[in-house]
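K.L.:
Sharing a structure, written as structure tokens. Questions coming.
The values are calculated or read from the model by the stated rules, or taken from the named source; none is laboratory data. Not measured: the values here are computed from a predicted model. Positions of Cβ are generated from backbone atoms using ideal geometry, with glycine treated the same way; all protein chains shown enter the neighbour counts.
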Amino acid sequence: MGRKGVSLQEKRERILRIYHESKDVFNLKKLEKLGSKAGVGAPTDVNQALMDDALWNPDIKLDPPQ
């Protein structure tokens with residue numbers, strides 16, 4: 001029996017979870033590494049989809065932890 005792939009929605013949720021849990025800044029290489037660990041094969045495509053849907057904006061600066 002073949003392995004079922006992860007849906008785009010699940011990939012989006014996994015990438016958003018990475019952002020929300022870490023609240024860190026990532027370069028593309030780091031995002032690809034973390035995405036791969038989370039089971040997202042093409043995090044750059046998913047990341048672009050999140051930006052297109054206004055669910056993630058790389059220009060928003062988070063306040064540093066107090």
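K.L.:
Here is a check on your reading of the model: is Gln9 surrounded by 11 or more Cβ atoms within 10 Å (Cβ to Cβ) and at pLDDT 80 or above?
P.N.:
Judged against the criteria, Gln9 is not a match.
K.L.:
Return the residue satisfying two criteria in turn: it lies in segment 19-36 and is within 19 Å of Gln9 (Cβ to Cβ) and not hydroxyl-bearing (Ser, Thr, Tyr), and of such residues it is surrounded by the most Cβ atoms within 10 Å (Cβ to Cβ).
P.N.:
Gly35
K.L.:
Given the condition part of a loop (DSSP other than H, G, I, E, B) and modelled with pLDDT of 85 or more, answer yes or no: does some residue in segment 49-64 qualify?
P.N.:
no
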